[in-house]
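Q: Starting off with a structure, shown below.
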Amino acid sequence: MYAELGNVFLYIALILCIIIAVSPMYKLSLAYIKIAWYLVFSVTFLAFISLIICFIISDFTVLNVVNNSHTAKPLIYKISGAWGNHEGSMLMWICALSFFSVIFAYLQATDSLLIRYTLVIQAALLTFFISFVIFTSNPFQRIFPAPLNGYGLNPILQDIGLAMHPPMLYLGYVGFSLIYSGAIAALIIGEVNKQFAVIFKPLVLMSWAFLTLGIGLGSWWAYRELGWGGFWFWDPVENSSLMPWLTSTALIHSLIALEKFNKLKHWNLLLSILTFTLSMVGTFLVRSNIITSVHSFAQDPKRGLFILIFLATATGIALILYSIRAIKIVNAEETEDYLFSRNTFIVFNNLILTTAAFIVILGTLYPALLEIAGEGKISIGAPYFNSLIGSLGVISLLFIIIGTQLNWGNSKFRKLYDDNKVPFILSGVFTALISYEFKIKSLFTLIGITGGIWLIISVLNYTLKRIKQLNGSILSMALGHIGFGLLVLAITLNSALETEAEKPLRVKEYLDLGSFRLTLEKIDIHRGKNYIARVAEFKAFKHNNFITTLLPETRFFPVELQQTTESAIYNTLFYDLYIATGELNEEGILMVRAYYKPMISWVWFSCLLIFLSGMVSLFSKMLKKPKALRKTK
């Protein structure tokens with residue numbers, strides 16, 4: 001019954017979206033368009049709930065449930081199994097898209113062509129995605145006769161981090177459809193002004209914040225679940241989430257300039273189109289056969305082809321429209337441009353961020369395109385990304401440090417020098433102390449440490465000077481830039497100071513890792529609800545003092561006939577002690593890998609700070625929204 005209801009809800013949503021998409025022909029008022037969007041969200045949400053219920057009750061007449069669930073699975077993974085596959089994830093995608101559209105509709109206090117056209121274009125986008133789900137990726141497809149049980153969910157996906165990661169990531173990806181639709185609407189109208197930024201910036205911030213959180217959760221999952229001790233592998237699907245994050249970061253700063261001085265109109269239009277395009281590139285990569293990734297679905301290549309055609313069409317229409325209508329979009333002339341101003345440094349940083357995005361695109365897609373062209377296989381690994389993105393990151397860091405201290409108009413170098421003298425000296429002192437303590441000699445590492453500390457101190461100094469005028473905008477800026485400085489510092493120190501060791505051990509033997517000693521005490525077998533685990537017990541000592549017991553596992557899932565590695569991690573404020581086990585041979589020798597990971601927890605804490613910066617700015621803007629809209633009517 002629930003599968004039939006889900007299908008009915010999808011068809012209702014499709015009809016409603018078509019009605020909204022053709023509404024300009026019938027001159028429907030904004031009020032009617034809003035009501036239609038409320039109904040669209042209601043039925044898509046009910047369709048998604050119907051699928052979740054099918055998983056909870058283990059309805060094995062539904063093919064999607066058969067392929068991704070089992071009666072022995074814990075409830076949380078039955079629920080997450082609903083979106084842990086291609087069909088279910090696309091249903092979540094359209095639910096998220098309708099959610100953002102209805103939030104956008106709800107927030108609009110006035111009627112305008114920009115708002116109407118945006119909602120119409122959103123309906124056209126959703127019409128494609130719902131049609132794609134119904135006709136090529138239907139999650140409610142029945143199977144008869146029904147099997148007695150399902151095949152289970154991929155064990156590597158049975159983790160709380162990955163249960164939360166896709167919803168957050170999709171809320172990031174899908175939200176950028178609104179700024180794309182807004183850019184198309186603005187090009188049709190032939191006008192981009194401050195109202196454009198007032199209307200769209202809160203929702204871009206919301207999408208950016210969720211994308212940041214989604215990337216952070218994915219990194220946290222990979223660190224804990226994959227057993228190799230890293231948090232970023234430059235995997236193609238990881239890269240595909242980073243690309244729109246880079247361009248959306250540039251877009252947010254461009255929207256700020258547009259809102260304040262009616263500047264950077266073309267930057268805003270092009271970044272709006274590019275950010276949504278890159279979000280769709282990620283969707284395509286996960287559902288095509290051109291890349292190999294631990295994140296990708298097992299798919300029918302035809303599905304990827306449909307998404308590729310949509311991507312090419314949507315991007316092509318946008319760029320053609322821009323080439324025709326861009327001449328009508330003229331930047332305001334009421335304010336003079338100064339080289340030494342915050343506005344100029346935003347442009348500089350936008351160039352850095354978009355360059356970084358294209359470097360990631362090239363490194364991600366070039367090997368696949370080369371193979372498709374029949375030129376053989378090549379591999380572009382971490383050194384390519386680390387060297388190029390790392391270098392650009394240092395330059396971006398410098399622009400951020402300087403840019404946050406400048407006025408929007410002309411700024412004086414003397415004032416910049418006075419504001420940064422103490423933060424720079426303090427950052428140099430801290431860097432010297434750290435390099436002396438840990439014997440760091442790499443110039444690149446020293447630059448990263450100095451830059452991260454300098455940014456944190458300078459932003460704190462800037463914020464404290466304005467503590468009496470503290471508002472959502474200043475607090476958001478402080479959280480975001482301190483978070484970025486902390487991220488640079490944490491990654492730099494982790495990369496420079498991490499150590500690892502690998503050794504075959506028998507029971508009662510030990511492995512040394514710097515000042516730590518890990519002794520293998522025993523090996524046991526443990527039975528979970530849907531797996532059998534081999535558990536190794538390690539006693540951890542630091543300078544011969546006992547600190548903790550670690551229990552890494554190797555799990556075998558009988559239903560899926562798959563094996564996973566479950567690492568054991570001892571967390572402290574400034575470092576992690578990480579251990580994972582490999583094969584156990586007939587002689588009782590167990591392969592053991594151990595890692596010392598300094599500052600690793602600060603990587604995810606910095607992601608949380610960046611997420612909070614977006615949410616603070618979002619809610620502070622939403623509280624001012626009605627007043628702002630009345631002014632721009």
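Q: Quick check on the range 128-236: take the gyration tensor over C-alpha atoms, sort the square-rooted eigenvalues as a ≥ b ≥ c, and tell me if it's rounded (a/c under 1.5), prolate or oblate.
A: In terms of gyration-tensor shape, oblate.
Q: Going 7 Å from the Cα of Leu148 toward and past its Cβ, which residues in the range 43-68 have a backbone nitrogen under 20 Å from where you end up?
A: Taking a point 7 Å out along Cα→Cβ of Leu148, the residues of the range 43-68 whose backbone N falls under 20 Å are 57-63, 65-68.
Q: Can you find, among Ile12, Ile547, Tyr384, the residue farthest towards the positive end of the dipole of the chain? Put +1 on the C-beta of Lys and Arg, -1 on that of Asp and Glu.
A: Ile12
Q: Using only the alpha carbons of the chain, determine the length spanned along each of the three principal axes and report them from longest to shortest in whole angstroms.
A: Here the Cα extents, ordered largest to smallest, are 78, 76, 53 Å.
Q: Taking the Cα-to-Cβ direction at Leu370 and at Leu475 and moving 7 Å from each Cα, how far apart do the two end points lie in nm?
A: Going by the 7 Å Cα→Cβ label model, 5.0 nm.
Q: Note down the nm distance, to one decimal, between modelled labels 7 Å out along Cα→Cβ at Phe444 and at Glu4.
A: 6.3 nm
Q: Per the helix-only calculation at 222 nm, which mean residue ellipticity applies to the chain, given -39500 (n - 2.57) for every DSSP H run of n ≥ 4 and division by its residues, nearest 500 deg cm²/dmol?
A: Helix contribution divided over all residues of the chain: -22500 deg cm²/dmol.
Q: May I ask you to sort Ser458, Ser387, Ser495 by Cβ crowding, counting other Cβ atoms within 10 Å and putting the fewest first?
A: Working: Ser458 25, Ser387 11, Ser495 16.
Fewest-to-most ranking of Ser458, Ser387, Ser495: Ser387, Ser495, Ser458.
Q: Contact order normalised by length for the range 396-489, with contacts defined as Cα pairs under 8 Å and 6 or more residues apart; what percent is it?
A: 34 percent
Q: Quick one, what does Rg over Rh come out to for the range 192-286 if you take C-alpha atoms and the Kirkwood Rh? Kindly include the intermediate steps, with their values, before the conclusion.
A: Numbers: Rg = 15.4 Å, Rh = 14.3 Å.
Across the range 192-286, the Cα-based Rg/Rh ratio is 1.08.
Q: Which entries in the list Lys194/Lys328; Lys302/Lys377; Lys503/Lys539; Lys201/Lys465 go over 19 Å, if you measure between the two C-alpha atoms of each?
A: Among Lys194/Lys328; Lys302/Lys377; Lys503/Lys539; Lys201/Lys465, the Cα-Cα distance tops 19 Å for Lys302/Lys377; Lys201/Lys465.
Q: What number, in percent, do you get for the relative contact order of the chain if the mean sequence gap of Cα pairs under 8 Å and at least 6 apart is divided by its residue count?
A: So the answer I get is 13 percent.
Q: Separate question: Given an 8 Å cut-off on Cα distances and at least 6 residues of separation, report the relative contact order of the range 139-291 as a percent.
A: Relative CO of the range 139-291 lands at 29 percent.
Q: Which translational diffusion coefficient, to the nearest whole µm²/s, is obtained for the range 426-556 from the Stokes-Einstein equation, given a Kirkwood hydrodynamic radius over C-alpha pairs, 10 °C and 1.306 mPa s?
A: Result for D is 85 µm²/s.
Q: Another one. Taking the Cβ-Cβ separation of Lys377 and Lys302 as r and a Förster radius of 30 Å, what is the calculated FRET efficiency to the nearest 0.05?
A: The formula returns an efficiency of 0.80 here.
Q: I've got another one for you. When all C-alpha to C-alpha distances in the range 500-601 are sorted into bins of 5 Å, what percent of pairs does each bin hold, rounded to whole numbers?
A: Percent of pairs per bin, in order: 3, 13, 23, 24, 17, 12, 6, 2, 0.
Q: So, R0 is 30 Å and r is the distance between the beta-carbons of Glu586 and His526; what FRET efficiency does that work out to, to 0.05?
A: On the way: r = 21 Å, r/R0 = 0.70.
For R0 = 30 Å, the calculated efficiency reads 0.90.
Q: Go ahead and run the numbers for FRET between Ile317 and Glu502, Cβ-Cβ distance against an R0 of 51 Å, rounding to 0.05. It would help to have the intermediate numbers written out before the result.
A: Values: r = 53 Å, r/R0 = 1.04.
In this case the efficiency is close to 0.45.
Q: Run the quick spin-label model on Glu509 and Phe546: label points 7 Å from Cα toward the beta carbon, then report their separation in nm to one decimal.
A: 2.4 nm
Q: Taking a virtual spin label 7 Å from the Cα of Trp228 along the C-beta vector, which residues in the range 354-397 bring their backbone nitrogen under 12 Å of it?
A: 381-383
Q: Something else: Which value, in debye to the nearest 20, gives the size of the charge dipole of the range 500-601 about its Cα centre, when Lys and Arg are +1 and Asp and Glu are -1 at the Cβ?
A: 280 debye
Q: Cα gyration tensor of the range 578-621, axes a ≥ b ≥ c as square roots of the eigenvalues: rounded (a/c below 1.5), prolate (a/b > b/c) or oblate? Provide the component values of the computation, followed by the final result.
A: On the way: a/c = 12.31, a/b = 4.09, b/c = 3.01.
Because a/c hits 1.5 or more and a/b exceeds b/c, the range 578-621 counts as prolate.
Q: Assign unit charges at the C-beta atoms only (+1 for Lys and Arg, -1 for Asp and Glu), then state the dipole size of the chain relative to its Cα centre in Debye, rounded to the nearest 20.
A: Approximately 2180 debye in magnitude.
Since every read-out is calculated from the coordinates, none of them should be taken as a lab result. Bear in mind that the values here come from a model prediction, so they are computed numbers and not experimental data. Positions of Cβ are generated from backbone atoms using ideal geometry, with glycine treated the same way; all protein chains shown enter the neighbour counts.
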